[in-house]
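Below is one structure; the comments refer to it alone.
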């Protein structure tokens, strides 16, 4: 939140007058219109995937999963913009930098975990009965 304090000296009375003006648009506070827009978008982005699954629009489950994940990413963006008030200007861009850093760490952790689990599954699974018969 930024505050400007214009100061005027009243020489005759010997007092100093300080007026503080708060600029709410710069601070990133939400308005009623913004919250309603975010709510409507969130409801739509929730209803569409629900309908896609319940109506069986796609026959391939992988396509359905990818479409639902795309709607989930859109839902995350709507929540960050309309409810968390994140943009490149808020707090001098540090919230956006923190978000990017968090996303990088999550991607590294998830991809590393999936890589380790894949290789454990490939290299550590017990042998099948056919493999057991051919062992010396």
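Any idea what diffusion coefficient region 66-136 gets from Stokes-Einstein, in µm²/s, Kirkwood Rh on alpha carbon pairs, 10 °C, 1.306 mPa s?
Value of D from the Cα-based Kirkwood radius: 99 µm²/s.
Using label points projected 7 Å from each Cα along Cα→Cβ, tell me how many nm separate residue 77 and residue 106, to one decimal.
In this crude spin-label approximation the distance works out to 1.5 nm.
In nm, what is the difference between 0.36 nm times the number of residues separating residue 122 and residue 55 and their Cα-Cα distance?
So the extension gain works out to 20.4 nm.
Quick check for you: which residues of region 32-49 have the amide N under 15 Å from the point 7 Å beyond the Cα of residue 64 toward its beta carbon?
48-49
All of the numbers you see were taken from the coordinates with simple rules; none came from a lab. Every value quoted in this text rests on a predicted model; they were computed, and no experiment measured them. Cβ sites come from the backbone with ideal geometry, for glycine too, and all protein chains shown count toward neighbours.
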